[in-house]
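Heads up, the thing below is written out as structure tokens.
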Amino acid sequence: MAKFLVEGRRTLGGKVRINGAKNSALKLMVAALLGQGKFTLENVPEITDVKTMAGVLRALGADVRFSSGRMELTVSSVEGQTPEALVKSMRASVQVMGPLLARLGWARVAKPGGCNIGSRPLDIHLAGFEQMGASIDVEGDMFVARAPRLHGADITFRYPSVGATENIMMAATMAKGRTVIRNAAREPEIIDIQEFLNRMGARVKGAGTPVITIDGVPELGSADYPVIPDRIEAGTYLLAFLITGGSGTIENVVPEHIAPLLQVVSAMGAELDVQENSVRVVSPSRLKACQVSTGPYPGFPTDLQPQLVALATQAWGSSIVVEEVFDRRFGYTSELQKLGAQIEVRKRAIIIDGPNELQGVKLAAGDLRAGAALVLGALAAEGESVVQGVEHIDRGYEAMELRLQSLGGHVVRIEE
Ligand code: UD1
């Protein structure tokens, strides 16, 4: 267990280089279970979710070596029984279901845990597998999926779920015939997985559009692949510059991937210089309030909603941020209130009356992005704050305190 001590009101500046995307790296690791041989992934972030997923893969029979952002995976034979404790600790583990079903014809996966941000059913994943010929049983705390050989299907999602799109895409790579996913999620990470699967020998097209088509092949090999930059990490540091009234450069980012955020902060008054792989941001003398709804890509990412709300406490006027993706992603607002934020939650809408003078206090992070929002709030507050629950932050941000220190922030990790 660890906590951060944050001394607020220090203006951040400088350059920060963004790591590979958590939500891509985790899925590329899982996709390797479909193949055979040696894989090398570059730009893999050193975060605990990646280490947890490495544990899941090892338990399934893969050899995993990981150091300095480079992961080598060797896959030969694979098991179908997932380690319950690891899967429960990280929702993304449910993504092993598609590859295991495709490869082995069965999978036993514990009902997953993960961030405490709302109900997160799996009906879209499971209905897709069923359309491809799988039977799904619930045995206690486990989902058991069986399908001697999956077949292609024309599947229309009721909602563009990221995880379901990836799971069905992976399952379909070795199914008999053609699978079409309609109303598929369009996140950049899905394009990354398509490219990786195709390098392994799969035939996937359409990722990035609402219709993805997969033609099954008998088997897949291996691939080397660089993970795309993490758009949520990029957005978090961009917001960190702004919340301290600072200016700085985000390096190794695909600006198009953070376009929804750039539009919002630009409307709030931030000055932006967008280059091919970097974005420089300069704070305005006065931030303006914002009105934003989250949504599936290319909408505003729900994973930046808490951090944007933290920024809105420093903006002049009434901001409204509506959470349309998850039903309970508001837990952190009561912690921001402890800092002095004027926030009210009405159904799915968060109303922030800014600007608020924040005062350092003791805070507890309840999930990953909430933790990031609390650190941002603490950076803007007068005096010292303590942010507990840093293990949540470590799931998705590599050494956040060191990156903030390098930008001039006063953030210290205390191991408890
Ligand atoms: C992924 C990301 C997460 C991000 C989210 C939305 C990973 C590891 N996680 O999560 O960081 O916040 O996308 O961009 O990549 N839903 C159902 N039934 C289903 C599946 C989803 O009702 O079968 C609902 C969920 O409860 C939620 C919404 O759909 O309300 C979005 O979920 P989904 O897109 O599936 O998110 P994840 O893949 O879990």
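We did not get these values from a lab; they are worked out from the coordinates using the rules stated. If you're wondering where the values come from, they're calculated on a predicted model, not measured in any experiment. Cβ: placed from backbone, ideal geometry, glycine included. Neighbour counts: every protein chain shown.
Points to keep in mind about this one:
- Straight-distance candidates among the aspartates and glutamates for linking to Lys288, with alpha-carbon spacing under 12 Å and chain neighbours fewer than 8 residues away dropped: Asp353.
- Theoretical FRET efficiency, 1/(1+(r/R0)^6), r = Cβ-Cβ of Ser77 and Arg9, R0 45 Å, to 0.05: 0.20
- The alpha carbons of segment 248-392 stretch over 40, 33, 33 Å along the principal axes, in descending order.
- Straightening the chain between Glu139 and Asp123 buys 4.2 nm, computed as 0.36 nm per residue apart minus the Cα-Cα spacing.
- Spin-label zone in segment 150-188 - amide nitrogen under 19 Å from a point set 7 Å from the Cα of Trp106 along the C-beta vector: 150-151
- Cleavage-rule hits, GluC sites (Glu not before Pro), segment 1-109, DSSP coil, Cβ neighbours within 10 Å at most 16: Glu46, Glu79
- Trypsin sites (Lys or Arg not before Pro) lying in DSSP loop within segment 131-183, provided at most 11 other Cβ fall within 10 Å: Arg158
- For the chain, the longest principal axis of the Cα atoms and the long axis of helix 22-31 meet at an angle of about 10 degrees.
- About the Cα centre, charge dipole magnitude for the chain (Lys/Arg +1, Asp/Glu -1 at Cβ), debye: 520
- Charge-dipole axis of the chain as Lys and Arg at +1 and Asp and Glu at -1 on Cβ define it, positive-most pick from Val78, Gly163, Ile124: Ile124
- Residues in segment 250-267 that a label on Arg17 would reach, taking backbone N under 20 Å of a point 7 Å out along Cα→Cβ: 250-255
- A DSSP coil position with no more than 14 other Cβ atoms inside 10 Å describes the following trypsin sites (Lys or Arg not before Pro) in segment 255-359: Arg286, Arg328, Lys347.
- Share, in percent, of DSSP beta bridges within segment 22-226 that are antiparallel, nearest 5: 75
- In this label model, Ser266 and Val282 are separated by 1.6 nm, measuring between points 7 Å along each Cα→Cβ vector.
- About its Cα centre, segment 267-416 has a charge dipole of approximately 400 debye under the convention of +1 per Lys or Arg Cβ and -1 per Asp or Glu Cβ, with nothing else charged.
- Helix-only [θ]222 nm of the chain, DSSP H runs n ≥ 4, -39500 (n - 2.57) each, per residue, nearest 500: -9000 deg cm²/dmol
- Hits among lysines - C-alpha to C-alpha of Lys51 under 23 Å, sequence gap 8 or more where chains match: Lys3, Lys22, Lys27, Lys38, Lys88, Lys111
- DSSP finds beta bridges in the chain, and of those with both partners inside it, around 70 percent are antiparallel.
- Rounded, prolate or oblate (a/c below 1.5 giving rounded, otherwise prolate when a/b exceeds b/c) for segment 22-226 by Cα gyration tensor: rounded
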